[in-house]
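Report on the structure given below.
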Ligand SMILES: [Zn+2]
């Protein structure tokens, strides 16, 4: 959550910071958490995860929990009838800070309807969302993505912007969690992915999706009603990072023919995430005093209760260059 919250102000300068930091391997060994958090976490921009058709008794709370655990946000498009039937889940959406749009009353093929039927579908849903979640949507997603000029006129009369999607996860089509995760891998800055509130595979895919986005320096945002694109969520430019900042230093430890130790020490915040960029060929053999994930490329280290100094043993595979590391608060 916090990582996401500090971005907005400095997103333009973040790219410059990244470039500077990554340019010199030597200076990259120590980077302050404040600048790094900006650069590392949202430097590639924002994407919108959208979940249609909820709320659903069996999955909505799981969805919200998965988003919370990943420090992510999303846009939900409930139907009016589901909203009316599940007022407490609508409040859960709202309390989780999710953006709430309109997805018609009961999911008909709107383009086969008259203008007054369309009007009823959309306006009843506006009311149901207002009554259950206390917010008035300004986004509308037509069921099946089906739209026409008459529908757009109705949308406009209710102050709704029509939102389709850039990437269809196909989760509605019973694809696997791995396939849903793969689809999200195609998202780029500003884009929107279609998912649903109800498939179990979508819930299962979420942690991996969020992990992948993070590794690509993409953050989850909300959809701008003026541009229809994913942007930083509200409040992201004004709230300071809750965990302060951190710095990590990297030094060479004991060395053997085939491997060497790297010692890392974090100062500043004790709620940290250190990303360690290995050099070509190098791979992780062992680690201590931190929970380290990954074995090649970029490793991610988090505290495991053993304090702020930790270490790793790397197989050289011909490369003895000290890896670089950056620290961000979590
Ligand atoms: Zn739908």
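Observations on the structure shown:
- Length added when fully stretched, residue 291-residue 164, from 0.36 nm per residue minus Cα-Cα: 41.7 nm
- Using alpha-carbon coordinates, inclination of helix 60-69 to the longest axis of the chain, degrees: 30
- The chain: angle of helix 33-42 to the longest principal axis, Cα-based, in degrees nearest 10: 50
- Residues 172, 198, 256 arranged by fewest to most Cβ contacts within 10 Å: 256, 172, 198
- For residue 116 and residue 267, the difference between the fully extended length at 0.36 nm per residue and the C-alpha to C-alpha distance is 48.1 nm.
- Over the chain, DSSP H runs of length four or greater, each weighted -39,500 (n - 2.57), average out per residue to a 222 nm ellipticity of -9500 deg cm²/dmol.
- Each residue, residue 306 and residue 279, gets one label point 7 Å from its Cα in the Cβ direction; the gap between the two is 2.5 nm.
- Per-residue Cβ neighbour rank within 10 angstrom, fewest leading, 120, 58: 58, 120
- C-alpha long axis of helix 11-23 to longest principal axis of the chain, angle in °: 30
- Its Cα gyration tensor gives the chain an equivalent ellipsoid; the semi-axes, largest first and in whole Å, are 44, 18, 17.
- Highest-first arrangement of 173-179, 206-212, 271-277, where packing means the average Cβ count within 10 Å: 271-277, 206-212, 173-179
Read the figures in this text as sums done on the coordinates, not as results from a lab. What you are looking at is a predicted structure, and each value in this text was computed from that prediction instead of being measured. Note that each Cβ is placed from the backbone with ideal geometry, even for glycine, and that neighbours are counted across all protein chains shown.
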